[in-house]
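For reference, the structure is listed below as structure tokens.
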Amino acid sequence: MSVVAPRDVQVVGDLSGLPASASGVRHLVWWGNIGFMLIEGTGFALAAAAYLYLMTQQAPAWPPPGARPPDLSWGLVFTLGLLLSELPNLWVRRRALAKDARGVRVGVAAMAVLGLLLLIPRGYELAHLNTRWDSDAYGSVVWMLMVLHTSHVVTDWGDTAVQAAWLFTHEIGDDQFADVEDNANYWTFVVLTWLPIGAIVYGLARLW
């Protein structure tokens, strides 16, 4: 069966000169990643609002009698490690924009190792919150904030590890460079969201 094109077909534009792929704001996945971060950022904001609400309802005692603020030491170790991880993360992002295959392979692998190492102080943080999740409203909201952020660290680490394995076993094209850029942007989101969450968990219980 043959198909005959209609005689009245008219070419209205030539798209052959457009690039096969794009990155940054010209890439649809980039906007999807931004939307993803906005949704999850809203979740962080709601969790923080729950903490602030419960704190005001328990005034003037916060944490409640019998509870004490989390130990600062492991929180500081995690925060410092998280901030320092932004240095190689930003470097990886620049390598992705420069379409440097060797750079993104090495950089993404390094970020996978760093993400795994950061889970060590985070584990000690959870062990030194000085409250149980089911002890009272204070314990529940502290654990909610910590587990919420930890889930993002673990999720991004898993994504980075899979991405590193793929980069070392496949040829890298423009779409993969864009994926590396998006993953780097998401890690920056994980780092930045921890700053207010950490200040709430470790600071407000000492200042209130």
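The values are calculated or read from the model by the stated rules, or taken from the named source; none is laboratory data. Predicted model only: the values in this text are computed from it and were never measured. All Cβ positions, glycine included, derive from the backbone under ideal geometry; neighbour counts span all protein chains shown.
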The listed residue being at pLDDT below 95, in a helix (DSSP H, G or I) and aliphatic (A, V, I, L, M), out of Ala184, Ala178, Ala161, Ala165: Ala178
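Within segment 124-147, can one find any residue that is under 17 Å from Val77 (Cβ atoms), assigned to a loop (DSSP other than H, G, I, E, B) and in contact with a Phe, Trp or Tyr (Cβ under 9 Å, 6 or more places away or on another chain)?
Checking segment 124-147: at least one residue is under 17 Å from Val77 (Cβ atoms), assigned to a loop (DSSP other than H, G, I, E, B) and in contact with a Phe, Trp or Tyr (Cβ under 9 Å, 6 or more places away or on another chain).
Being modelled with pLDDT of 95 or more and farther than 30 Å from Val29 by Cβ narrows it down to one of Leu129, Leu116, Leu145, Leu204, so name that one. Explain how you work it out, then say what you get.
Values: Leu116 fails: farther than 30 Å from Val29 by Cβ; Leu145 fails: farther than 30 Å from Val29 by Cβ; Leu204 fails: modelled with pLDDT of 95 or more.
From the options Leu129, Leu116, Leu145, Leu204, the qualifying one is Leu129.
Could you tell me whether Ala49 is out of contact with any Phe, Trp or Tyr (no Cβ under 9 Å at 6 or more places or on another chain) and either at pLDDT 95 or above or surrounded by fewer than 18 Cβ atoms within 10 Å (Cβ to Cβ) (or both)? It would help to see each step written out before you state the result.
Numbers: out of contact with any Phe, Trp or Tyr (no Cβ under 9 Å at 6 or more places or on another chain): yes; either at pLDDT 95 or above or surrounded by fewer than 18 Cβ atoms within 10 Å (Cβ to Cβ) (or both): yes.
For Ala49, the condition - out of contact with any Phe, Trp or Tyr (no Cβ under 9 Å at 6 or more places or on another chain) and either at pLDDT 95 or above or surrounded by fewer than 18 Cβ atoms within 10 Å (Cβ to Cβ) (or both) - is met.
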Starting from segment 107-127, keep only residues that are touching a residue at least 24 places away in the same chain (Cβ under 8 Å), then list their pairs with residues that are of a type outside the set (Gly, Ala, Ser) and not in a helix (DSSP H, G or I) whose Cβ atoms are within a distance under 8 Å, requiring at least 6 positions of separation or different chains. Glu125/Pro70
(1) modelled with pLDDT of 95 or more; (2) surrounded by 15 or more Cβ atoms within 10 Å (Cβ to Cβ): which one isn't true of Ser135, the others all being true? (1)
For segment 67-87, which positions are surrounded by 18 or more Cβ atoms within 10 Å (Cβ to Cβ), more than 18 Å from Gly139 (Cβ to Cβ) and not aromatic (Phe, Trp, Tyr)? Thr79, Leu82, Ser85
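Within segment 114-157, can you find the residues that are small (Gly, Ala, Ser), within 23 Å of the chain's Cα centre (by Cα) and more than 22 Å from Leu80 (Cα to Cα)? Spell out the reasoning first.
So the first thing to find is which residues in segment 114-157 are small (Gly, Ala, Ser), and the list is 115, 123, 127, 135, 137, 139-140, 151.
Adding the requirement that they be within 23 Å of the chain's Cα centre (by Cα) leaves 115, 123, 127, 140, 151.
Residue satisfying the conditions is Ser140 alone.
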Does segment 106-124 include one or more residues that are in contact with a Lys or Arg (Cβ under 8 Å, 6 or more places away or on another chain) and under 24 Å from Phe36 (Cβ atoms)? yes
Taking the condition of being in contact (Cβ under 8 Å) with a residue 24 or more places away in the chain, assigned to a helix (DSSP H, G or I) and among the aromatic types (Phe, Trp, Tyr), how many residues in segment 37-78 meet it? 4
